[in-house]
1. Mind listing the phi-derived Karplus ³J(HN,Hα) values for the range 327-332, rounded to whole Hz, using 6.51, -1.76 and 1.60 with θ = phi - 60°, and x for any glycine or proline?
2. What is the sum of charges around residue 608, taking Lys and Arg as +1, Asp and Glu as -1, for the other residues whose C-beta is under 12 Å from the C-beta of residue 608?
3. With point charges of +1 on the Cβ of Lys and Arg and -1 on the Cβ of Asp and Glu, referenced to the Cα centre of the chain, which listed residue (728, 286, 200) lies farthest in the positive direction of the dipole?
4. HN-Hα J couplings of the range 469-483 from phi, Karplus 6.51/-1.76/1.60, θ = phi - 60°, integer Hz, Gly and Pro as x?
5. Using unit Cβ charges (K, R positive; D, E negative) and no other charged atoms, how large, in debye to the nearest 20, is the dipole of the range 358-478 about its Cα centre?
6. Per DSSP H run of at least 4 residues, take -39500 (n - 2.57); add these up for the chain, divide by its residues and hand me the 222 nm value, nearest 500 deg cm²/dmol.
7. Considering the dipole of the chain built from charges on the beta carbon (Lys and Arg +1, Asp and Glu -1) around the Cα centre, which of 225, 516, 579 is farthest to its positive end?
8. Summing +1 for each Lys or Arg and -1 for each Asp or Glu, what net charge is found among the other residues whose Cβ lies under 9 Å from the Cβ of residue 129?
Amino acid sequence: MPRSPVGRETDRVDGRLKVTGAAEYSGDYRATDLAHAHLVTSTIARGKVTGFDTAAALASPGVLRVYTAPDRRLPLYLATGQAAGFTENYLPLNTDMIHFHGQAIAMIVAESPEQARDAAALVTATYDTQPPRTSIADEPRVPAGPTISGAPSSLNILAPGVGSIDAALAASDVVVEADFHQNIQHQAAMEPHAVLAVWHGDRLTIHAGAQIPAAYALGMAQRLGVLPQNVQLITKYVGGGFGARVVLWSDTPLAAAAAKELGRPVRLVLTREQMFTLTGHRSHLTQTVRLGASREGVLNAVSHRSVAERPTTIAFTMTPAHSTSDALYRTPNLHADAQLAVLDIPGSRAMRGPNEAPGSFALETAMDELAVATGVDPVTLRLRNNATTSPSTGLPWSSKHLEECYRVGAERFGWSARSAMPRARVDGQWLYGVGMATAIYPAHRRLGVVVRVQLRNDDTAVVSTATSDLGTGSWTMVAVTGADALGIPVQRVTPEIGDTVLPPGAPAVGSSGTHATVPMVVDAARNVIAELKRVAVTAERSPWHGAAVEDLRYERGILHGLGHSMTFGRLLTVTGSPGIYMESAPGGQPVPGYVHHSFGAHFCEVRVNRFTGETRVTRFTTVADVGRVINAKAARSQLVGGVIFGIGHALLEENHLELRTGRLANSTLADYLVPVNADVPDIDVVMLDRPDPVLTGPLGDGSEDVGTQSLGARGLGEIGTVGSAAAIGNAVYNATGIRVRDVPITLDKLIDRL
């Protein structure tokens, strides 16, 4: 009997295609009579375009069109309803207004990408310029509004008799208060944003990278003023997203509008510099965390306030206390508040661990400061304040094994050898230190997800759903889950994803793709097996014709009963059917009355050069409680990638916003630094593999032929990012005695204090 592939080290089913270059990304697709577009972007942040000089561009070889703002040949429309949340609120090239530095103001279409690029460099613009609003410290603030989960961004929970959070803090034996700041950060995905738009009459086919294919296609239909059913999005292979491909940005509607006006397919590939301003970023923000506790470190009060940006064109509601300070630690008094400042800068959006990564840096750094102030070991401090129910709602967790994460991680890392005294370990030029932090990330359940399972007469199966794979392993997850549910080898399952003609798929956001898809695969498998039995008892050429469905048993691809056994493929062949398929019911809400999160613990060692301030991460251990693990190989890779994001957050990544001009100053990969191999040590990852009994099941009463093994999975794409930067910062303090609260922790923040 084949062993279930769930939880095993499974190679990517799309691996060979990727390493041989056969996997086609958005910029790889071809079309007959293809034209190429290139954008021209603004050099001011606020004002209007007063004129263009396009003569040289129009005379340039191969140029087909020069579109300048406002250009009525490219009519676009604002999205409404649900799609409005995934699109910008202005019409690119339909207005002469400038909202941010780097906005698209013209587009060249030519016979080749080189000709379009060269002609774009010849376009010049004149402006009526206004001073941009760029400072979150100086501009008026507005409440952030509800979080993405619908929870309020402002929260005030007080124990009986306590008048305010300030009173609760004043009554505490020990108070820690700290301010934190971080600059703009970028997703910096490997694949540039690219789109190919092809019209077939009034029907549009788009090849583009998208994290929420259904919302992307709907947004495109509304942007172009066409029927939603006339837009097909193909997004089979995506070279990274991290939040940058959640939104329908201006490039895709512009390419599609040009293709329609020109009557030819159009491809538009953004330059790396353009991606820094046209495809979103993580907001820069300030945070203030105040903790009040007893002398033994038991929390009495937690206050977490923040101010982030709200660009005028599109924004992400930055609420860094959400799912961190309002979820992690038990406290009778809790205050959270998020404010936004309206600014004339490029649109901000989610970036991996969007609220939780910056929020955890502030909270977990403050917890380390509380450990120092009370003399309590950082792990012990967290165990003493571990929340057995949600601090903000009082509801129980669907599953939580955080204490085990602490204990396993501490043992594997060798935490007991730690010295609480900073600068206790010196080796030549290097100061060594260790730190730790907690990880938490919500497990959002997505509605309306549908999976189709088809059984074929060659004993293979096809599992189809319109989710996308950002390199996270969705192709393989779908194949593994389908193989497990049907009891057949992975090699006999063909996954189909990344195309909006397929059943509605899970969004590849919020670490929700796996736990939204897995139960629907199981449900579809159960339904198709029921249909297989129905065929077996009703088809005249079936050996079970006339029998009762209850007489049949399905096991590992074979029907048994009444002295007969036959694979599903053989049965379909005998009955003359090429295949049968069934779909799952649309995915719904999880069981009410619970709070759903994944958890983890990070342990880190760094070395800091005591003469130069150079900081290197030398060891890292992460233990994660992420429910049932579907593919151990991909899961480990995702957690390692999340930690690498944390290394970038802690030590390298920031884009400087010039307050006078609104320009993002280091918008190239030569100047915006991300971790490379030399920055990353061996990362020890442990997954507890404890199935969540509530979030994704059970489906049915357990008496069915399939569906009991694949349940209890949660997402894990972002949990590795949350808290890892704080673990590094805490290790830097342990190494040097210097507390750095503004990330990244660069040489200049250490060298004068060493």
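The values are calculated or read from the model by the stated rules, or taken from the named source; none is laboratory data. All figures in this text were calculated on a predicted structure; none of them were measured in a lab. No Cβ is skipped: glycine too gets one built from the backbone with ideal geometry, and neighbour counts run over all protein chains shown. Note: accessible area is taken over every heavy atom of the protein model, side chains too, but ligands, DNA and RNA are not part of it. Shrake-Rupley method; radii C 1.70, N 1.55, O 1.52, S 1.80 Å.
1. Each residue's phi maps through the Karplus curve to give 9, 7, 10, 6, 7, x Hz.
2. On the way: positive: 423, 425, 607, 610, 616, 749, 753; negative: 427, 605, 614.
So the surrounding residues net to +4.
3. The Cα lying farthest towards the positive end belongs to 200.
4. Coupling constants for the range 469-483: 10, 8, x, 7, x, 5, 3, 6, 4, 5, 5, 5, 5, x, 4 Hz.
5. 180 debye
6. Working: 15 runs with 172 residues, N = 754.
Helix contribution divided over all residues of the chain: -7000 deg cm²/dmol.
7. Farthest along the dipole direction, towards plus: 579.
8. Values: positive: 46, 48; negative: 128.
Cβ neighbours under 9 Å give a net charge of +1.
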